[in-house]
Amino acid sequence: MTNTITIDPVTRIEGHGKITIEINDDGDVTNAHFHVTQLRGFEKFSEGRPFREMPALMARICGICPVSHLVASAKACDELLAVRIPVTAVNLRKILNIAQMVQSHALSVFYLSAPDLMLGMDADPAKRNIFGMYEADPQLARNGVRLRQFGQQVIERLSGKRIHPNWVVAGGVSDPLTPEAREAILADIPEVKQITLDALKWFIPLIDQYREEIKVFANFPTMYMGLINPDGSLEHYDGVLRIIDADGNHVKDIDPRHYQESIGEAVEDHSFLKSPFYKPLGYPEGIYRVGPLARLNMATRAGTPLADEALKEYQSLDWEERQSSFYFHYTRLIEILYGIERIEELLNTPDILSTHVQSLANVNAAEGIGVSEAPRGTLLHHYKVDEYGGITWANLIIATGHNNMAMDRGVYQTAKRFVDGRKIEEGMLNRVEAVIRTFDPCLSCSTHAIGQMPLHIELKDQNGNVLDVLQRD
Amino acid sequence: MMPVKTFKIDGQDVSGREDETILEIARENDIFLPTLCNIAGLKPVGACRLCMVEVAGSNKLLPACATRVQEGMEVTTNSERLQKYRRMILEMLFVEGNHICSVCVANGHCELQWLAEKLGVDHTRLNYMFPAKEVDVSHYRYAIDHNRCILCTRCVRVCAEIEGAHTWDVSGRGIEAKVVTDLNTPWALSETCTECGKCVQVCPTGALFKKSRAVGEMVKDGQFLPYLKTMREVDNA
Amino acid sequence: MHREEFEQIVQAERDKHRAYEHHINVCTALGCVAYGSEKVVDALEAEVKERGLEHKCKITGVGCLGLCGNGPIMKTEPDNQFYQSVKPSDSADIIDHLGKEPVKRIHLPQNSPFFIGQQRVVLSNAGKIDPEEIESALAFGAYRALFQAATEMTPTEVLREVTASGLRGRGGAGYPTGLKWSTVAKMDDTIKYIVCNGDEGDPGAFMDRSIMESDPHRILEGMAIAAYAVGATEGYIYVRAEYGLGIQRLKKAIRQAEKMGFLGNNIFDSPFSFNVQLRLGAGAFVCGEETALIASIEGQRGNPRPRPPYPAMSGLWGHSTLINNVETFANIAPIILNGSEWFAGIGTKKSAGTKVFALSGKVNRVGLIEVPMGITLRQIIEGIGGGIPDGRAFKAVQTGGPSGGCIPQEHLDTPVDYESLRELGSIMGSGGMVIMDDTSSMVSVARYFMEFCMDESCGKCIPCRVGTAQMHELLTRFVDKEATEADLELLEELCDMVSQTSLCGLGQSAPNPVMSTLRYFRDEYLQCIAPAQEPA
Amino acid sequence: MPDKVKVATVWLDGCSGCHMSFLDIDHVLLDIADKIDLVYSPLVDNKDFPDMVDLTLVEGGVSSVDDRAKIIKIRKHTKLLLALGDCAITGNVPAMRNRYPVAAVEERAYIENADVNQRPPSLVVPKLLPKIQPVHTVVPVDIYLPGCPPPGPVIRDALVALLNGQMPDVSPRFG
Amino acid sequence: MVRPVEVAPPSDDKRWRIINATMRRYGYKPHALIETLHAVQEAFGFLDDASLSFVAQRLNVPMSKAYGVATFYHFFSLKPPARHNCVICLGTACYIKGSDQMLKSLGEAYGIEEGEITPDSEFALLSARCVGGCGQAPVAVVDGEVVSGLTPDNVVAMVREKINHAS
């Protein structure tokens, strides 16, 4: 007989998902899955829309990382125009995208995962949140809020709106940066830099406390994918789309225009989220991970001084150890640091205040593909248009999707280690959720195709009868 | 000499020539009346019913845009009943089409959206009809998204009355009505369109827009109409 | 033309008519044609020919004889016998019995309750004349009123007669006809138009069709008298394209009247000229609305426009225009001939004259009736109509079509006049009267009318375009028994809002069927409210 | 702490942008921590909706049978229900799928744009409703804050007003 | 595009003479539009783009206006007619005697909705707001002939019989 535990909804993740854990008569975990339970249909209903509407429309896939969608979508639209966009526009888009990464990473680390890390996996669930953390360490909580606020303010100062700005458009951005906005952002940089350095100091000692988790939090060899500069430094906008293998060896630089030759998508009956895989290895062998862990496992250097130092320290860990998804948290903090430094750098480029920020053209190509690095990993928008620029077809591969297989497998790995079917304790299940949190899955993104993800843990017997449910509904 | 009438709007004494409408006099006196089909410079059609007012002694509501002023009339522009009806009219427009303000080219520059905010429409109790309406992006400069069309017919009138091309008209009827170019041909294939763009500028929503504009970027400018009319009169005089 | 000349023409036609010993008038209006009356005509003609009676017995295809539900109907003259459900095989028997005892098995006795209480003014010639022969109409007095008006009366005298008669518009609203005419007469316009509204569109109404099919000359004559009175020279009859037979007969009538000099220039050698053109509608109920009808005659979409200005001031092509419906014009000739006093003596004080109704639905005797105003609904339904078939109980009578309402049992003794019906939340309308029995769901009747209004809304103004669709959606929820209390509240608000803010009569009255059923049958709506949803 | 106001936030079919805008009240969130108890939210771990909540902010439209069951249940256990943002109030962008049958949406995502197991998911995942509906068409809503998303300050002002026992007087616009 | 002053009919079909005659009768005035469209529909069975365009140009009516008029009135059809058609009367008298059910039965039998034509263009199912046959309600008009004595149960057979009889 098998029992199934359902965790529904998975909390402190960005979206609706649930986890089911199957347990045999002896109380051993025999299987576990992660389910995304929402589907929204963007690929379908964008049909017929004018392509210039796509960036703003696609931003509505996700309120956490709308900018990444804006950027990927606008890049696809640039291809439809077949123009080179002004350098200033590129740099402004980069700032916006990185600012978003900072706020999103801050959200993931401080609002969603820090309660586990700081208060402990077995802490009182009622306290295990940002408010509990605020009680325990007000300054840390305030720092987290400040960091996220910084990112959001940069977005607002550039685009006029924190969430779903329309500023990134086909051919560039709609308005130049104002000197006032630039000064305001630069003025905040020292403070947030310090906050991030403090956060790293807080985090690194935690590694030793979570050795057990590190071992099983989706700790297995996979390939990694992400954008990277040809010189091996971090990149979230341009660069090449690279795949490395589980040993860190270069596998392939993918031409985004031919992504379909390298990346396939599989459907699992139990989830609205599809599972992309590396085609040459097939499904499910072609498993890979994306996001900060992938980016920093691939990078030879960050490209900014403080982040380079931090990266060096991270890379002093064994390669094998760095296969654990627990290190998503670590790499996230390093990327925040990189982001702040990079924003500063970009704001100091010579033409950043140029008013030439948009290339004007009509539709000149029938197909466009745009890639960007979202906080959670590679984001790919692919559009086809008719001769007048009306969308005829769209496909989106979103960051969280790439990690779907790893999350599913990580849930199983963690459940197997921590869940005892004879005596279920909340802390066990929280660890199963926590592994999902390491990936910081963006389930509104993942469900662009339709739907949402509550967390739901179900205990089922072999015949599929539900014995017990732990769920949030 | 055109006789002048004196009357009251909301208790305020006002005056107007006998060929002027209540709406014109209200505007002249900074008394707000919402309108969507009406635009200065085009013939009034009295279709949107937003500018309905109460006139003492008449149990019928009258459209201010199409009602001439009369001596001694007492007009009320903003009773509770009128406000309720106006909100419902706006709700009707929202449920009839697919007005997704957030991703509309005219977001922030839309008369419908602005009126909803101004009249306090924060939701609608009516049933969203979610019709399957078309978008015609065939024209190289302009596009029309029928999802956002409120059938005010400003485009039809500006094209016929001012540009003189009469490229636009309304086809079908009732809830199926829609504006068309020529024989419902794609805009790009219209033989009569002069590509002047007046229809785009007078459109109160994001239904007609320049294709070069992204979400929130389509700012309309209907102000040219009175200018055109006046200049034409000056030249003809 | 002098009176003697005119009388000579009439007398000649009368003599021709009287030359026959027997007349057999078979109804060839649409209803009876559907039952095969044309075959009956053929069979009778064959029978007469075979017996060599062509000079003694005249078979005439005539207009409506009333009892449409029992067609084909025919009447023999001068013995004045009605037959119903006649088959071609009855021909020999009918001819055998001419001037004798009627054929029992198909006989419809004159004292049938169907005839009791009816009074034919508008339809006085229907069933007597051959609508396709002007001579036949002349024999029964057609164009005599026109002759009288145009040659012996001043326009002011005609206006005075019409005003004094108390005639009110038969199109539905009951606007005083004399007042309307006077307004147009007073307009200082070089060109004026007369428009006859024959776009009878209410579902369940076929009065105007019957008049056009039965006595087209009566309409032309009324229009011509109106033209003389108000100073118009051009007239249009706007008829729905679906009325093929009526159109054909009107066309013929116009041609014949022109030929006889009753239409055209210098009518009766007087300075008065009047030409009539026929215009076909094309399937749009809203064209029954005056301004929409004008737009349609002008070759445009039938969109109404705000009034004022009223058509009397600015109508067809911007000129002063008099619009009346078919039945209103059909009342004019009798008023001129018999005098306003005579007419005012029929019916009630405020609603003079008779009204033609199309009685249909769940009633034993279905057909076209003409009754004096003031008769009660009960007299019509239980008396003339013979009550409800199949032993069911009466539930409601719908008058006024999509603009009207449903009247329940307790108001059956209400007299039929404009004001009384309005007080009950319905209207006189153009004359549709549909009877419903206890099997009819009033909610679904309301939805039916709303669907009609939604389909017929021109779409110009928002309250009607969207409001009718919204109300239809809400009513569908009631019919499906999925409605909520909030839906009922919203429905009532929509009724109020649409009726108050719509541009034209269609929208303004579209909520009427809902409001009247809510008034009398609220329980039926409440029964359609679903119990509150429980969380799954 | 019985005098704290119990607040819940739920996320139906939306993009989480309204929740993010809720977080955009920044430090105010921590400042009001002594006045409110966030008893149920994607931000906290309570997996069962409490017996009675003073205020629930709902983001997103009603898209699946799960959403519907959830909001009906929440309404029963909530004193004041606030529809947060255009998706909850109008259906917004997700409702753009309403013009297509669910099958067509699934076909594009799971058959046409997939390489392995080309079929729509059918296990565990909830059944999608044919049309996404605004929240107030399923259950009564007390307060509406439109916007995509409603800006942080608007949410802040509304919350502060509610905490002071007043109905919020804000007029944000759609979009 | 320079438009020719004299507009030629879309084809040398003789029926265009009738249509020209109609327009001539009204002096080629714009207000003859509806009458002319009636003539076209009577001659050709429906209005296509070519005929609309011809009539519009000949009468100096804007094309969009001609299209607006043609689609406003339900009597006009922009699609070729089916070989057979059945019009179900939805007048009040017919409705309360079950004509909506008849429409449903026929729709199911022919696999089409009201207002549609079967893919083989054999049969069109239409409805009318009232054909004026209230006395015989419920009625249908099959290929122009009024049929009475119908019920939701027998309507399919009755209509099929009528059609088979005709062809």
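The values are calculated or read from the model by the stated rules, or taken from the named source; none is laboratory data. What you see is a predicted model, and the numbers here were worked out from it, not measured in a lab. Backbone-built Cβ (ideal geometry, glycine too); neighbour counts: all protein chains shown. Heavy atoms of the whole protein, side chains included, go into the accessibility calculation; ligands, DNA and RNA do not. Shrake-Rupley method; radii C 1.70, N 1.55, O 1.52, S 1.80 Å.
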So if the hydrodynamic radius of segment B:102-229 is defined as the Kirkwood radius over C-alpha pairs, what does Stokes-Einstein give as its diffusion coefficient at 37 °C and 0.692 mPa s, in µm² per second?
215
How many Cβ atoms of partner chains, on average, are near each residue of B:137-150 if near means within 10 Å of its Cβ?
3
Can you classify segment C:143-344 as rounded, prolate or oblate using the Cα gyration tensor, where a ≥ b ≥ c are the square roots of its eigenvalues, rounded means a/c under 1.5, and otherwise it's prolate if a/b beats b/c and oblate if not?
rounded
Surface share of carbon and sulfur [accessible, 1.4 angstrom probe, percent] for the protein assembly as shown
49
Could you give the accessible area per residue of the protein assembly as shown, probe 1.4 Å, as a whole number in Å²?
35
Ordered by packing density, taken as the mean number of other Cβ atoms within 10 Å over each peptide's residues, highest first, how do A:374-380, C:346-352 rank?
A:374-380, C:346-352
Please work out how much accessible surface B:E20 shows to a 1.4 Å probe, ignoring ligands, DNA and RNA, in Å² rounded to 10.
30
Using only Cα atoms, what Kirkwood radius does segment C:442-526 have, in angstroms?
12.3
Under a 1.4 Å probe, counting only protein heavy atoms, E:K162 has an accessible area in Å², nearest 10, of 70
Return the Rg/Rh value of the protein assembly as shown, two decimal places, where both radii are evaluated on C-alpha atoms and Rh is the Kirkwood radius.
1.06
Per residue of B:210-221, what is the mean number of Cβ atoms on other protein chains within 10 angstrom of that residue's Cβ?
6
With a point put 7 Å past each Cα toward its Cβ, work out how far A:E191 is from E:A50 in nm, to one decimal.
7.6
Normalise the Cα radius of gyration of chain D by 2.2 N^0.38 Å (N = residues in it) and let me know the number.
1.10
State, in angstrom, two size descriptors of chain C derived from its alpha carbons: Rg to one decimal place and Dmax to the nearest whole number.
24.1, 90
Ignoring ligands, DNA and RNA, how much accessible area is buried between chains C and D, both sides summed, with a 1.4 Å probe, to the nearest 100 Å²?
400
For peptides C:85-96, A:339-350, sequence by mean Cβ density within 10 Å, most packed first:
A:339-350, C:85-96
C-alpha long axis of helix C:3-18 to longest principal axis of chain C, angle in °:
90
Kirkwood-Stokes translational diffusion coefficient of segment C:20-108, alpha-carbon pairs, 10 °C, 1.306 mPa s, µm²/s
127
Once ligands and nucleic acids are excluded and a 1.4 Å probe is used, how much of C:Y193 is accessible, expressed in Å² to the nearest 10?
20
Within segment C:446-463, list the residues whose amide N lies under 18 Å from a label point set 7 Å along Cα→Cβ of E:K104.
C:446-452
Expected 222 nm ellipticity per residue - DSSP helices of 4 or more, -39500 (n - 2.57), all of chain E, to 500:
-13000 deg cm²/dmol
With both bridge residues required to lie in the protein assembly as shown, what share of the DSSP beta bridges run antiparallel, to the nearest 5%?
60
Could you list log10 I(q)/I(0) for segment E:84-166 at q = 0.15, 0.19, 0.20, 0.22 Å⁻¹, which the Debye formula gives when each Cα is one point scatterer?
-0.43, -0.70, -0.78, -0.96
Find the eigenvalues of the gyration tensor of the Cα atoms of chain A, then list the square roots of 5 times those eigenvalues as equivalent ellipsoid semi-axes, largest first, in whole angstrom.
35, 26, 20
Cα convex hull of segment A:317-395: mean projected area in nm², to one decimal?
8.6
Convert 10 °C to kelvin, take the viscosity as 1.306 mPa s, use the Kirkwood radius over C-alpha pairs of segment A:258-381 as Rh, and evaluate the Stokes-Einstein diffusion coefficient in µm²/s, rounded to a whole number.
90
Whole-number Å³ per residue for the convex hull built on Cα positions in segment E:15-72:
65
Give the Kirkwood hydrodynamic radius (Å, one decimal) of segment A:128-192, defined as one over the mean of 1/r across all pairs of different Cα atoms.
13.6
Using a basic spin-label model with each label point 7 Å from the Cα along Cα→Cβ, how many nm lie between E:E42 and A:N24?
8.7
For the interface of chains E and C, what total accessible area is buried with a 1.4 Å probe, rounded to the nearest 100 Å²?
3400
Isotropically averaged projected area of segment E:1-157, using the convex hull of Cα atoms (one quarter of hull area), nm²:
11.0
I'm a student and want to see the number: the projected area of the Cα convex hull of segment B:4-78, averaged over all directions, in nm².
4.5
May I ask you to order C:247-260, A:397-410 by the average number of other C-beta atoms within 10 Å around their residues, highest value first?
A:397-410, C:247-260
Express the C-alpha Rg of segment D:56-102 as a ratio against the empirical globular expectation 2.2 N^0.38 Å, rounded to two decimals.
1.21
What ranking of E:I18, A:I336 comes out by heavy-atom accessible area, probe 1.4 Å, highest first?
E:I18, A:I336
Once R0 is set to 30 Å, what does the formula 1/(1 + (r/R0)^6) return for the Cβ-Cβ distance between B:M231 and B:D19, expressed as a FRET efficiency to the nearest 0.05?
0.90
Rounded to the nearest 10 degrees, what's the angle between the helix C:326-338 long axis and the longest principal axis of chain C, both from Cα atoms, 0 to 90?
40
Share of antiparallel DSSP beta bridges in chain D, in percent to the nearest 5?
15
Over segment A:220-316, one equal point on each Cα, no solvent: what is log10 I(q)/I(0) by the Debye formula at q = 0.16, 0.21, 0.23, 0.24 Å⁻¹?
-0.69, -1.05, -1.19, -1.26
With a Förster distance of 56 angstrom and the Cβ-Cβ distance between A:H250 and A:E426, calculated FRET efficiency to the nearest 0.05 equals 0.80
How far, in degrees from 0 to 90, does helix C:155-165 lean away from the longest principal axis of the Cα atoms of chain C, to the nearest 10?
60
If you plug each phi of segment B:73-80 into the Karplus form 6.51 cos²θ - 1.76 cosθ + 1.60 with θ = phi - 60°, what whole-Hz ³J(HN,Hα) values come out, in order, with x for Gly and Pro?
5, 10, 9, 10, 9, 9, 5, 4
So for R0 = 22 Å, FRET eff. of B:A132-D:A103 from the Cβ-Cβ r, to 0.05, ends up at 0.90
Using a 10 Å cut-off on Cβ to Cβ distances, tally the other chain neighbours for every residue of D:101-109 and report the average as a whole number.
6
